[in-house]
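Structure first, then comments.
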Amino acid sequence: MIPIRSLLLAIIILVPVLAFAQDTTYVDAQWKPCKEKKASYFRIITKQPDGKYKAEDHFMSGQLQMSGTYLSDKVEDKTQLDGYFISKDAQGFTTDEGSYTAGEQTGFWKFYYKNSNALKGTKEFHEDSKVYTIGYDSATGRKKYETINKGPSCPIKNVWYYPKAGTVSEERIYSGCNLTTVTEYYPNGRIKKQDIYKDKTVEGTTYDTSGKEIARNVQQQPEPPFDMGSYLSKYLRYPQKARDRNIEGKVLLKFIVNEDGRISDVSVVQAPDPDLAAEAERCIKGMPPWKPGTQNNIPVKVNFTQPITFKLD
């Protein structure tokens with residue numbers, strides 16, 4: 001007959017073991033169960049005192065890959081995610097961390113750049129279904145963009161920033177998931193352009209860096225006092241690097257023709273190659289003054305767009 005004291009001691013020792021019983025499984029690179037020899041990861045599942053299950057995934061080196069809690073031991077079921085989760089790479093750097101409630105992301109999440117402790121972005125989930133997202137520049141740590149969405153696919157507000165200046169470069173406002181206002185800014189904070197969207201039409205205003213309005217639609221468009229084709233044939237040089245790589249295509253530029261005909265604010269809208277873009281920009285900046293655009297016979301600043309095509313012989 002077993003003494004009562006010994007039996008009680010055995011029960012006391014057994015209870016914690018049962019409460020924190022562990023189950024280890026091995027999975028391959030696709031997270032499918034496999035034998036240890038073919039495994040890329042191993043998973044340890046531990047039942048917690050509150051009835052939940054804690055799962056820890058490890059690289060075969062032993063380095064933690066993920067840790068989080070589930071409502072049940074069915075960790076493959078995404079609806080069971082419930083609690084704090086953290087993921088790491090093979091070097092031990094955190095890739096993301098945050099919380100779930102019954103399979104849904106909740107609260108404040110952080111995301112990090114690869115092989116770095118630098119913050120890549122954050123997401124904040126609110127009870128009213130709004131999601132606030134911020135992205136950060138890897139070099140400066142400053143904000144790259146901010147978004148506010150209602151649910152996963154209905155935008156409310158989007159903001160982009162100049163990475164060096166840290167000021168707003170563009171802002172988009174939505175109403176009922178539909179775009180209503182787009183405002184672009186210069187690095188100094190002044191408004192560059194603002195478009196208002198109403199009933200499938202767009203009304204807008206453009207400004208120069210001093211805040212003076214630039215005409216978009218004028219009675220008389222600006223014109224070059226020379227043949228553009230002849231000018232480009234004479235002054236445009238095909239970049240040797242682009243030629244060596246057989247790169248050709250169209251560069252689209254925009255610029256302002258001022259009241260006195262001078263060209264300013266030249267920028268590249270799109271280009272197939274940076275060398276082609278640089279050469280096209282150089283050529284446009286070197287143009288002599290144009291005949292300015294006029295409104296009511298008065299010279300005004302006008303936005304102008306010019307394509308330049310590079311084609312190999």
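No lab work stands behind these numbers, since they all come straight from the coordinates. Everything numeric in this text was worked out from a predicted model, so none of it was measured. As a convention, Cβ positions derive from the backbone with ideal geometry for all residues, glycine included, and neighbour counts pool all protein chains shown.
How would you rank Lys198, Lys241, Lys123, going from fewest to most other Cβ atoms within 10 Å of each one's own Cβ? Kindly include the intermediate steps, with their values, before the conclusion.
Numbers: Lys198 8, Lys241 12, Lys123 18.
Taking fewest neighbouring Cβ atoms as first place, the list is Lys198, Lys241, Lys123.
Read phi for every residue in the stretch 23-29 and hand back ³J(HN,Hα) as whole Hz from Karplus 6.51 cos²θ - 1.76 cosθ + 1.60, θ = phi - 60°, with x for Gly and Pro.
Listing the rounded values in order: 10, 10, 10, 10, 9, 8, 5 Hz.
Under 8 Å for C-alpha pairs, at least 6 residues apart: give me the relative contact order for the chain, rounded to a whole percent.
On the way: 671 pairs, mean separation 22.2, N = 313.
Once normalised by length, the contact order is 7 percent.
In whole Å, what are the extents of the stretch 228-310 along the principal axes defined by its C-alpha atoms, from largest to smallest?
That gives 49, 23, 15 Å along the principal axes, largest extent first.
Can you list the cysteines of the chain that have no other Cys Cβ under 4.7 Å away?
If one checks each Cβ against the other cysteines of the chain, Cys34, Cys283 turn up with nothing under 4.7 Å.
Report the Rg/Rh value for the stretch 129-221, based on alpha-carbon coordinates and the Kirkwood definition of Rh.
1.05
What does the net charge come to around Val131 if you take all other residues with beta carbon closer than 12 Å to its beta carbon, with K and R at +1 and D and E at -1? Mind dumping the intermediate values first?
Values: positive: Lys123, Lys130, Lys150, Lys157; negative: Glu104, Glu124, Glu127, Asp128, Glu146.
Summing Lys/Arg as +1 and Asp/Glu as -1 gives -1.
What is the ratio of the Cα radius of gyration of the stretch 13-141 to 2.2 N^0.38 Å, where N is its residue count, to two decimals? If you can, show how the numbers build up before the last one.
Working: Rg = 16.6 Å, N = 129, 2.2 N^0.38 = 13.9 Å.
Dividing the Cα radius of gyration by 2.2 N^0.38 Å gives 1.19.
Any chance you could run the full-extension gain for Glu213 through Arg237? It's 0.36 nm times the residue separation minus the Cα-Cα distance, nm to one decimal.
Details: separation 24, 0.36 × 24 = 8.64 nm, distance 3.45 nm.
Full extension from Glu213 to Arg237 adds 5.2 nm.
Hey, rough spin-label estimate for Glu127 and Met66, points 7 angstrom out along Cα→Cβ, what's it come to in nanometres?
2.9 nm
Under 10 °C and 1.306 mPa s, how fast does the chain diffuse according to Stokes-Einstein, given a Kirkwood radius computed over C-alpha pairs? Answer in µm²/s, whole number. Can you show the working numbers first?
Details: Rh = 25.5 Å.
The diffusion coefficient I find is 62 µm²/s.
Go through Lys54/Lys78; Lys32/Lys123; Lys193/Lys285; Lys130/Lys157; Lys78/Lys157; Lys250/Lys311 and tell me which ones have a Cα-Cα distance over 19 Å in this structure.
Details: Lys54/Lys78 14 Å; Lys32/Lys123 30 Å; Lys193/Lys285 22 Å; Lys130/Lys157 11 Å; Lys78/Lys157 29 Å; Lys250/Lys311 9 Å.
Beyond 19 Å: Lys32/Lys123; Lys193/Lys285; Lys78/Lys157.
Tell me, what HN-Hα J-couplings in whole Hz come from the Karplus equation 6.51 cos²θ - 1.76 cosθ + 1.60 at θ = phi - 60° for each residue of the stretch 183-193, using x for Gly and Pro?
Result, rounded to whole Hz: 10, 9, 10, 7, x, 7, x, 6, 5, 9, 7.
Using a 10 Å cut-off around each Cβ, can you sort Val218, Val257, Val269 from fewest to most neighbouring Cβ atoms?
With the sparsest Cβ surroundings first, the list reads Val269, Val218, Val257.
State to the nearest 20 debye the size of the charge dipole of the chain about its Cα centre, where the only charges are +1 on K and R beta carbons and -1 on D and E beta carbons.
Computed about the Cα centre, the dipole is about 400 debye.
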